[in-house]
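First comes the structure, then the notes that go with it.
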Amino acid sequence: MSATICTIPSYAENGIYKEIYVSERGSDSFDGSKSSPFRTIEKAKEYVKTISDDMSGDIVVNVEDGTYFLEDTLVFRNEDS
């Protein structure tokens, strides 16, 4: 299964608690920052769960242009937001 995802931020920078980055050039052992992005959307989803309890604004996941292959269907539930 594959998906091509392209995101264009359309939000104001006000109210953003954390930005996370995903890139084909990243690694899931990185910290998800712009300079050290995660490799997979799944890792970004897992990471959001670890920081969402303390959030004081939006958490934005920026997915760089590319092709991301999924092992399984990626499902987002209420607890993921």
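Does Lys43 meet the test of being modelled with pLDDT under 95 and of a type in the set (Lys, Arg)?
No, not satisfied.
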Apart from one, (1) open to solvent by 50 Å² or more (accessible area, probe 1.4 Å); (2) β-branched (Val, Ile, Thr); (3) modelled with pLDDT of 95 or more all hold for Thr50; the odd one out is (3)
Here the qualifying pairs (Cβ atoms under 8 Å; residues six or more apart or on different chains; first in segment 14-34 and at negative phi and free of Cβ contacts under 8 Å to residues at least 40 places away in the same chain; second surrounded by 13 or more Cβ atoms within 10 Å (Cβ to Cβ) and among the aromatic types (Phe, Trp, Tyr)) come out as Gly26/Phe38; Ser27/Phe38; Asp28/Phe38; Phe30/Phe38; Ser33/Tyr21; Lys34/Tyr21
Taking segment 1-18 and keeping residues open to solvent by less than 70 Å² (accessible area, probe 1.4 Å), more than 18 Å from Phe76 (Cβ to Cβ) and either modelled with pLDDT of 95 or more or among the aliphatic types (A, V, I, L, M) (or both) leaves Ala12, Ile16
By residue number, the members of segment 53-74 that are hydroxyl-bearing (Ser, Thr, Tyr) and either open to solvent by 90 Å² or more (accessible area, probe 1.4 Å) or free of Cβ contacts under 8 Å to residues at least 40 places away in the same chain (or both) are Ser56, Thr73
Gly32: passes all of (1) closer than 21 Å to Glu79 by Cβ; (2) open to solvent by 60 Å² or more (accessible area, probe 1.4 Å); (3) not in a helix (DSSP H, G or I) but (2)
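The values are calculated or read from the model by the stated rules, or taken from the named source; none is laboratory data. Fair warning: this is a prediction, and the values are worked out from it, not measured in the lab. Glycine gets a Cβ as well: all are built from the backbone with ideal geometry, and neighbour counts include every protein chain shown. Please note that ligands, DNA and RNA were not included when accessible areas were found on the heavy atoms of the full protein model with its side chains. Shrake-Rupley method; radii C 1.70, N 1.55, O 1.52, S 1.80 Å.
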